[in-house]
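Scroll down for the structure; my scribbles are underneath it.
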Number of protein chains: 2
Amino acid sequence: MHPFTKYHPESVAALGEEALIGRIRRWLGPVSPRAPFGIGDDCAVLPGARGRQLLTVDPVVYGRHFDDSIPARAVGTKLLKRNLSDLAAMGGRPSAAVIALSLDPRTSLRWVEGFYCGLAAVARRHGVPVVGGDITQAEGVIVAGLTLLGAAAGPRVLTRTGARIGDLIYVTGRLGGSLRSGHHWKFTPRLAEGAWLADRPEVRAMMDVSDGLAKDLPALAPAGTVPVLDRALPRRAGCDLRAALTDGEDYELVFTAAGGAAAIALERAWRKKFPRVRLTRIGRFARALPPGAPNLADYHGYEHLR
Amino acid sequence: MHPFTKYHPESVAALGEEALIGRIRRWLGPVSPRAPFGIGDDCAVLPGARGRQLLTVDPVVYGRHFDDSIPARAVGTKLLKRNLSDLAAMGGRPSAAVIALSLDPRTSLRWVEGFYCGLAAVARRHGVPVVGGDITQAEGVIVAGLTLLGAAAGPRVLTRTGARIGDLIYVTGRLGGSLRSGHHWKFTPRLAEGAWLADRPEVRAMMDVSDGLAKDLPALAPAGTVPVLDRALPRRAGCDLRAALTDGEDYELVFTAAGGAAAIALERAWRKKFPRVRLTRIGRFARALPPGAPNLADYHGYEHLR
């Protein structure tokens, strides 16, 4: 859906900020708590947190993360799900979200309604209260930044460090072709899987694949090692190796785990717990790249600002 | 400072995202904790929080909150201070910040360096770790959104509700002329004052003045009352009543307190605690507007998106 309108009465400018905020609270519905626990005061008041907390921020930008080809609802769902995927990557669960929206004054109310209704549907499904935000005018753009506060779902937070030489590398789902297939907004963030993995001691490091495996995976490699992809990658239909490594926006989990009996137990337990989510062992960390294995440095993952 | 450059080697695009993030960590210096407690993992890991927490988000947008007339450093300081002012308005203190930056690829590195160095200086002064963020390309704009997590400085969080009929209305500092005087980026967020006020039981409701007193103050009025401004407003030099009521970006605290002996004690204690910060009683809440008192509805405060 094209987000701008030439017909002033249908634009956010015609409504003005205060009335728009009223509508947003209605569109958000039950995920918008009353002030001061939600929209309407200088800050949102949140309860204390016993264990460790997690904080992440990710935006969607018109022309970059979405365009006219996807519904406004999908933009809202994508924004929240991208951030949920970051939480999932550490074994977290969401506590609260705030949204900073910069809108061209010609943005149509219908587009904004779709955006918030889509976002609210995901927020309801995952129990994320949307507790605040800000709306500002910015000519010619739509930038929506969502900050997500969360907490460790269990006793352990799984970070990008901790992998050891010889660890096996696993990935959930399939890689590549995210834009073409609509996966970039249709995906389901791997929250249950991430929390479960953080509870397994044989799992040692984890992240989500958002900029393409070739760019992301080196962040998990222990010092002095390289990732060796010695098994077939789970690719989306129509994707070659390059697409699977570099397309980006996969929003899958990649993690490392101890090998041997622990790995067999992990794979068996996964199949029982998540029978419908594919888990693939794709490689291991080694001191040097064996001949014939793909060198990730030859595949350029997505880099912003270039 | 003009933020864009025509000379590609001086632009953020020439550097690319990864190298830019490395520089940002250097510019932030000691306020950038190591991953996973800071920049570098999918989320930042934060400690638990015993008491109630506060969450707020506010952006700065090129052409709206800043232009070429102010230094890049001032943009960074303004961004963090705006959010600190929101925390101050509830009697909070900061815990952590994340920044979502949307940049035109022609943005000059010098501008971005100034922005982060200015922000880091304020973060150091107030002990705010900058724990994460995101950088995205967006043509033709600079939008920087900062989300601030905080906690109640004392046992009480002061909200916008709680004022009673007959309450006196106070404001800190002076109002009006913020843009002209540079106050909009030179101001000091009233954190110490806000925390102190939240600890005084005679203080009943508080907010910060950011969109102009005429627009903001009605949010504190108890149902069935109007704010009666029956005393002179503390105005910045060269400002008339309209400017003081509507200019916006004052970043002062406005609060209500019980009258009588409590008010006298409050004013005396304030002068002792904050001898250099002006506190002015500007009015009270009443059932009806007496003849001659300014009607705030006649003054149009700043409204976004119009």
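The values are calculated or read from the model by the stated rules, or taken from the named source; none is laboratory data. All of these numbers come straight from a predicted model, not from anything done at the bench. Reconstructed Cβ throughout: ideal geometry from the backbone, glycine too, with neighbour counts over all protein chains shown. Accessible surface areas use protein heavy atoms only, side chains included; no ligands, DNA or RNA. Shrake-Rupley method; radii C 1.70, N 1.55, O 1.52, S 1.80 Å.
The figures follow:
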| quantity | calculated |
| --- | --- |
| Residue B:12 vs. criteria touching a residue at least 60 places away in the same chain (Cβ under 8 Å) and facing chain A (nearest Cβ under 7 Å) | yes |
| Conditions (1) touching a Lys or Arg at 6+ places or on another chain (Cβ under 8 Å); (2) crowded, with 19+ Cβ neighbours inside 10 Å; number of the one not met by residue B:194 | (1) |
| Pick from segment A:151-160, criterion more than 7 Å from chain B (Cβ to nearest Cβ) and in contact with a helix residue (DSSP H, G or I) (Cβ under 8 Å, 6 or more places away or on another chain), ranking: most open to solvent (accessible area, probe 1.4 Å) | A:156 |
| Considering residues of segment A:23-51 that are part of a loop (DSSP other than H, G, I, E, B) and among the basic types (Lys, Arg) only, the residue least open to solvent (accessible area, probe 1.4 Å) | A:34 |
| Which listed residue is out of contact with any Asp or Glu (no Cβ under 9 Å at 6 or more places or on another chain) and either open to solvent by less than 10 Å² (accessible area, probe 1.4 Å) or not assigned by TED's automatic domain parsing to the domain that holds residue A:242 (or both), from A:95, A:178 | A:95 |
| Residue tally, condition within 9 Å of chain A (Cβ to nearest Cβ) and either open to solvent by less than 30 Å² (accessible area, probe 1.4 Å) or of a type in the set (Ser, Thr, Tyr) (or both), over segment B:108-133 | 2 |
| Total residues in segment B:230-249, condition open to solvent by less than 10 Å² (accessible area, probe 1.4 Å) and under 25 Å from residue B:268 (Cβ atoms) | 1 |
| Failed criterion for residue B:99 (all others in (1) β-branched (Val, Ile, Thr); (2) assigned to a strand (DSSP E or B); (3) touching a residue at least 60 places away in the same chain (Cβ under 8 Å) hold) | (3) |
| Hey, residue A:20 in contact (Cβ under 8 Å) with a residue 12 or more places away in the chain, open to solvent by less than 10 Å² (accessible area, probe 1.4 Å), more than 9 Å from chain B (Cβ to nearest Cβ) and part of a helix (DSSP H, G or I) or not | no |
| Residue, nearest to residue B:154 (Cα to Cα), within segment B:197-210, restricted to residues that are open to solvent by less than 30 Å² (accessible area, probe 1.4 Å) and within 14 Å of the chain's Cα centre (by Cα) | B:206 |
| Tally, over segment A:260-301, of residues that are farther than 20 Å from residue A:221 by Cβ and among the aromatic types (Phe, Trp, Tyr) | 2 |
| Count of segment A:181-191 residues which are open to solvent by less than 10 Å² (accessible area, probe 1.4 Å) and polar (S, T, N, Q) | 0 |
| Of all residues in segment B:52-69 being at the interface with chain A (Cβ under 7 Å from one of its Cβ atoms) and either in contact with a His (Cβ under 6 Å, 6 or more places away or on another chain) or open to solvent by less than 60 Å² (accessible area, probe 1.4 Å) (or both), the one that is farthest from residue B:100 (Cα to Cα) | B:53 |
| Every residue from segment A:10-49 that is farther than 26 Å from residue B:206 by Cα and either outside the structural domain of residue A:134 (by TED's automatic domain parsing) or in contact with a strand residue (DSSP E or B) (Cβ under 7 Å, 6 or more places away or on another chain) (or both) | A:10, A:11, A:12, A:28 |
| Condition met for residue B:147 (touching a strand residue (DSSP E or B) at 6+ places or on another chain (Cβ under 7 Å) and in the same structural domain as residue B:105 (by TED's automatic domain parsing)) | yes |
| Test result for residue B:154, more than 15 Å from the chain's Cα centre (by Cα) and farther than 30 Å from residue B:6 by Cα | yes |
